[in-house]
Each structure stands twice: as structure tokens, then as C-alpha cells.
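Beneath this line is the structure, given in C-alpha cells, with notes to follow.
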């Protein structure tokens, strides 16, 4: 589904990601775990095509993200870390705008709003929305294209408990549909509860790549996932 081989991304003299390689299988939930500045966002943006790798290759559904970017992007939908929508638009106008970019009918966008509980809020301005509602609108927008791969960057950042629950429900729902999901987080509980596998990033490098099940049956006999995370941060 997604293959990243020897990805390196430099910004001037600064190396944000160094020689990172991994594969994401179809239908799995894959979490990028690591502290701020560890390379999670840079890697996500490289997969979606917003960053051009300094070296290395990325393939999505067999398409090289650099040489066949349009074909690769058709399989993906991306939620950035900071979700920003024009405050003078309504939720309905936002979803219809993004649906038009993908040549999707307005009715699909309207149905998505209805299913996601925006009844009564569809025609309210974005400026009237709380942070949690804006994040929820972002999740609605990325689900409209029905892309097989969803990329989410720190999707629970600044969310209240209700917003976090809505995000978890969203991931469970999308996985049940067979979607492949990659999300980045620095919250250990999110990764442990939702992910099939975890990639731990430290200082731009891939420090570990493990299944949650393997962590529970091996490492957790001696400690917790938090202990494991702190261990990798300390040794790198």
C-alpha cells in the first residue's frame, strides 16, 4: 500500500528526517509516535507530496509520489496539524468547496455533514465553531473523497475529551470500512488504543517499528509502552 525507502529530508543544513524506511499494509492503522520535532510531520508531508524528499523514494499503491504525484494523491486524503477554514464560509460551503476540487457532487458533501452530526450547524459560519467543531469538520472533509488512505497529523491536538472520543470513533469507523490510516501523535494512549503498529520517531530517525500486540506480549512484561517510548527517546 505505502512503501517508504531511505527517506531523507533536509531543510538547508538541518536534517528533519534521516534514512527512514517502512511499509504500511492495506487496512491497518499505523501511528507515528514521537516528541515534537522528531520528524513525524515531515514524513507525513513527504508521503502526501507536500515535501519533496532530499533522497529516497515513496510509493503509494505502486505509484512513485514524485514522478506520478497525481495518481498517488488520488488514493489519499490528508488532514494537517492545524485545520484552517475561511471563517466567512459555512460548514456546508466548506464541504462543497472541497468536494468540487475532487469533482464530487454536492449531495455527497451534504450527506457527509448529515452523517457526522452537523444537523443544525451546516449553515453556521466557521467563525462560530469551537476548536473541536472545526476539527470535526476537518474529519468530515477528508472522508468525502472516500480515499483508501487517510493521513492525519496530530488529529487530537487541542481537542477536549468529547473531541478525542469523536476522533477515536472516526478511526474505528474508517478502519471497519477497510481504510488504511496513518496518524501522528505524541499521546501514548492514542497509539496504544487505536494503532495496529507504531513507528517511534526520535530526532528525525526511526527508532523503533513494532506492532502493538508485540509490545503488549513482550516488552510490557517488564514495563509499559510509556517506558518503551522514554527508553528510545533516551538512547537516541
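The numbers here are math on the coordinates, done by the rules we state, and not lab data. Because the structure is a prediction, the values reported are computed rather than measured. In this analysis, Cβ positions are derived from the backbone assuming ideal geometry, glycine residues included, and neighbour counts consider all displayed protein chains.
Below is a table of values for the structure above.
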{"quantity": "Zero-based 10 Å bins, Cα pair distances in the chain, whole percents", "calculated": "8, 31, 35, 21, 6, 0"}
{"quantity": "Distance cut-off 18 Å, percentage of C-alpha pairs in segment 84-146 lying past it", "calculated": "22"}
{"quantity": "Rounded, prolate or oblate (a/c below 1.5 giving rounded, otherwise prolate when a/b exceeds b/c) for segment 1-75 by Cα gyration tensor", "calculated": "oblate"}
{"quantity": "Gain in span if fully extended, residue 203 to residue 165, counting 0.36 nm per residue against the direct Cα distance", "calculated": "10.7 nm"}
{"quantity": "Between 0 and 90°, nearest 10: helix 161-176 axis offset from the chain longest Cα axis", "calculated": "80"}
{"quantity": "Average Cα contact separation per residue, segment 84-146, under 8 Å, 6 or more apart, as relative contact order %", "calculated": "46"}
{"quantity": "Pairwise FRET efficiency - residue 6 versus residue 217, Cβ, R0 = 30 Å, nearest 0.05", "calculated": "0.50"}
{"quantity": "Long-range tail of P(r) for segment 128-213 (Cα pairs > 22 Å, %)", "calculated": "28"}
{"quantity": "Proxy reagent accessibility, fewest Cβ within 10 Å first, across 82, 96, 66, 136", "calculated": "82, 66, 96, 136"}
{"quantity": "Kirkwood Rh in Å, taken over all unlike Cα pairs in segment 1-136", "calculated": "17.1"}
{"quantity": "Among 43, 217, 90, residue whose mean-square fluctuation peaks in a GNM of the chain (springs only between Cα atoms under 10 Å)", "calculated": "217"}
{"quantity": "Where labels lie 7 Å past Cα in the beta-carbon direction, separation of residue 100 and residue 14 in nm", "calculated": "3.7"}
{"quantity": "Residues listed by number, segment 1-43, amide nitrogen under 18 Å from residue 67 label point at 7 Å toward C-beta", "calculated": "2-8"}
{"quantity": "Computed helical MRE - 222 nm, the chain, DSSP H runs ≥ 4 contributing -39500 (n - 2.57), nearest 500", "calculated": "-11000 deg cm²/dmol"}
{"quantity": "Candidates 27, 138, 117, ranked by Gaussian network fluctuation over the chain, Cα under 10 Å, top entry", "calculated": "117"}
{"quantity": "Most fluctuating residue given options 152, 139, 209, as computed from a GNM of the chain linking Cα atoms under 10 Å", "calculated": "209"}
{"quantity": "Using alpha-carbon coordinates, inclination of helix 91-101 to the longest axis of the chain, degrees", "calculated": "70"}
{"quantity": "Cα long-axis angle, helix 225-235 against the chain (0 to 90 degrees, to the nearest 10)", "calculated": "60"}
{"quantity": "Net length gained if the chain between residue 84 and residue 157 were fully extended (0.36 nm per residue, minus Cα distance)", "calculated": "24.9 nm"}
